[in-house]
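Undergrad: I have a structure here, written as structure tokens, and I will follow up with some questions on it.
The values are calculated or read from the model by the stated rules, or taken from the named source; none is laboratory data. Keep in mind that what you see is a predicted model, and the values were worked out from it rather than measured. Glycine also receives a Cβ, built like all others from the backbone with ideal geometry; neighbour counts cover every protein chain displayed. Calculation scope for accessible area: heavy atoms of the full protein, side chains included, ligands and nucleic acids excluded. Shrake-Rupley method; radii C 1.70, N 1.55, O 1.52, S 1.80 Å.
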Amino acid sequence: MKIVYLTVAREEIREAAEYYAAISPELGNAFKRELRQLLRRVSVMPLAWPPGGASGASGAGLRKCLLSRFPYMVIYAPCRVKCGFSPLDISIDNPVTGGIVW
């Protein structure tokens, strides 16, 4: 399944990777590697994570999965027809700061 990143999610991912790389290049690489692995799993098994979107039409069908080592979650919509999103639109959320990025 093809993953389509929201523009703002791409920026958030880039900023997070740069932040961790500034602390340590290995940490920056670890963040990108963990995110890549999670997105690979999501693309193969998009329904493996329970629905977790907001109620209402705009949040219907959204799913969330957490990164293990870093305080981020991936928010995605696995379908176009039911959800009104492109296949696997990706958003990234930092639960620590509370900012959902769309």
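Undergrad: Taking all protein chains in place and a 1.4 Å probe, what share, in percent, of the accessible surface of the stretch 1-54 do carbon and sulfur account for?
TA: About 58 percent, which is the carbon plus sulfur part of the accessible surface.
Undergrad: Enter the accessible area per residue of the stretch 1-54 (Å², integer; probe 1.4 Å; all protein chains in place).
TA: 65
Undergrad: Okay, moving on. So, by mean Cβ neighbours within 10 angstrom, what's the order for 17-24, 5-12 with the highest one leading?
TA: Packing proxy ranking, top to bottom: 5-12, 17-24.
Undergrad: While we're here: Need one number: nm distance between label points at Lys32 and Val44, each 7 Å from Cα along Cα→Cβ, rounded to one decimal.
TA: Distance between the two pseudo-spin positions: 2.2 nm.
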